[in-house]
Amino acid sequence: MAQFLGDFYAERQPKVDSECIKRSMAETWVSAVLYIAISTVVLAIVLSAGMPVVAKLRDKNTIAQTKTVMHELDNTIRAVARDVGAQRVRMLDIRAGKLVIDSANERINWTKETKYIESEPGSLIEEGTLKIMTSEDPVVIGKYWINLGLDYSGSTIDLDSTSVLIAGRTSLVFENLGVEDEKIKIAVKEKS
């Protein structure tokens, strides 16, 4: 009887063929390769669409931080201008773009190349004493130049400095040198 039951169950079991096993393994590998290829293509599409958005957000954040730095810089200059002999040290952290202190034209300008549009290109926007201008690049479509500026040419403040180009982290010393030609002379120099 045991022999009969063994034969009975043996007949009912599916025959496992080595060809069947090989075909099953090949199908598994093909599926895995297809899943990896599709995942890679989807990831590449998402990254290519998302990176410009991330770059614009980074530039927007940099511009907002630089506006704050420029307002603080203006407040420091005006505070020093109120007291003869006053001196202040201001730490500046210019992460992107370049800041130029141009005493010949009585201006402090920060410029940066970007794809982010801060304002309508060609229009001047004023936020207090800060002037903001976005300009289109004449050569490359979709590239802009952002300029943040403080202009002291029409004020009683006279910036006395050799032209200073600032990029990165530095300390500036602002010193009131007194009145000369009815203008308050403010010396600006890098702290050594």
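A few remarks follow.
- Hey, SER119 under 19 Å from the mean Cα position of the chain (by Cα), assigned to a strand (DSSP E or B) and of a type in the set (Gly, Ala, Ser) or not: no
- ALA79, sole failed condition from (1) of a type in the set (A, V, I, L, M, F, W, C); (2) within 20 Å of GLU175 (Cα to Cα); (3) touching a residue at least 60 places away in the same chain (Cβ under 8 Å): (3)
- From the list THR76, THR62, the lone residue that is of a type in the set (S, T, N, Q) and more than 20 Å from ALA187 (Cα to Cα) is THR62.
- Residue within the range 110-127 that is of a type outside the set (Ser, Thr, Tyr), in contact (Cβ under 8 Å) with a residue 12 or more places away in the chain and within 18 Å of ARG169 (Cα to Cα) present: yes
- The residues on offer are VAL53, VAL42, VAL84, and the sole one that is part of a helix (DSSP H, G or I), among the β-branched types (Val, Ile, Thr), surrounded by fewer than 13 Cβ atoms within 10 Å (Cβ to Cβ) and at pLDDT below 85 is VAL53.
- Unique residue being within 22 Å of the chain's Cα centre (by Cα) and surrounded by 16 or more Cβ atoms within 10 Å (Cβ to Cβ) when the list is ASP74, ASP59: ASP59
- Only one of GLY178, GLY154, GLY168 that is exposed (fewer than 12 other Cβ atoms within 10 Å of the Cβ), over 22 Å from the mean Cα position of the chain (by Cα) and part of a strand (DSSP E or B): GLY178
The values are calculated or read from the model by the stated rules, or taken from the named source; none is laboratory data. Because the structure is a prediction, the values reported are computed rather than measured. Backbone-built Cβ (ideal geometry, glycine too); neighbour counts: all protein chains shown.
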